[in-house]
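One structure is given here, and the rest of the page talks about it.
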Amino acid sequence: MATILTSQYGVRSDTLFIVFDIEAVGDVNTPDKCRMWNLAACVLGKAADNIDLYIQPAIEKFPTPADNDFCNITEGELEALGATTIQVCVQEFMAWVNQKKENPDTMIILCSHGCFRYDKILFEYEFMRNGLHFQPNIYFFDTLHWTRQAIRGRGSYTLSDIYQDLFKKPIENPHRAYSDALALNHV
């Protein structure tokens, strides 16, 4: 199982920081009932070094997202995007991550906004549901908690509001994993 990174852990110089985002069908307030359909990531500080994967969730019917802010996706759209199984997606994602490691013991820190409330939980549920295992040295970092400490006194700490304030424009294609990962990388 993966570990949550806290201040008690040292960060080595060869640590690999990956900014990632997940999109899923289902109610985001119950990640255990959601199914991933999009996983994207980039190396922190290197937006051009990225991956964007689509997953055909193993469900009979696509549920309607509870929040209209989140985009809808259909099975046909996923097929057109080349969606594959969660097993193939995770294999491709981890192969991409492992190509960036300097050595077998390199720490991998997966960073996302709202990680501990959603992304990490959903990632772990998908791994458990599909009999997948996290490799050693994977840690998680929640930028939502970090921004609450680093930028105090804001009314909103959503990624879209922080991005809008910093760059004076909205995130292009919000609620697509690739767009959100790149936006967080820029923040």
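The values are calculated or read from the model by the stated rules, or taken from the named source; none is laboratory data. This is a predicted model, so every value here is computed, not measured. We place every Cβ from the backbone using ideal geometry, glycine too, and count neighbours over all the protein chains shown. All accessible areas refer to the heavy atoms of the entire protein, side chains included, with ligands and DNA or RNA removed. Shrake-Rupley method; radii C 1.70, N 1.55, O 1.52, S 1.80 Å.
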Taking region 124-157 and keeping only residues that are in a helix (DSSP H, G or I) and either of a type in the set (S, T, N, Q) or touching a strand residue (DSSP E or B) at 6+ places or on another chain (Cβ under 6 Å) (or both), one is left with Glu126, Thr143, Thr147, Gln149
Which condition number does Met94 fail, the rest of (1) in contact (Cβ under 8 Å) with a residue 60 or more places away in the chain; (2) open to solvent by less than 40 Å² (accessible area, probe 1.4 Å); (3) of a type in the set (A, V, I, L, M, F, W, C) being met? (1)
Leu78 passes all but one of (1) more than 16 Å from the chain's Cα centre (by Cα); (2) open to solvent by 60 Å² or more (accessible area, probe 1.4 Å); (3) at pLDDT 85 or above; which number fails? (2)
Can you tell which of Glu92, Glu126 is out of contact with any helix residue (DSSP H, G or I) (no Cβ under 9 Å at 6 or more places or on another chain) and among the acidic types (Asp, Glu)? Glu92
Top-ranked residue in region 1-50 [being out of contact with any Leu (no Cβ under 9 Å at 6 or more places or on another chain) and polar (S, T, N, Q); ranked as modelled with the highest pLDDT]: Thr15
I want to confirm something. Restricting to region 11-58 and keeping residues that are of a type in the set (Gly, Ala, Ser) and over 21 Å from Arg117 (Cα atoms), which single residue is most open to solvent (accessible area, probe 1.4 Å)? Ser13
Of all residues in region 146-181 being open to solvent by 30 Å² or more (accessible area, probe 1.4 Å) and of a type in the set (A, V, I, L, M, F, W, C), the one that is farthest from Cys115 (Cα to Cα): Phe167
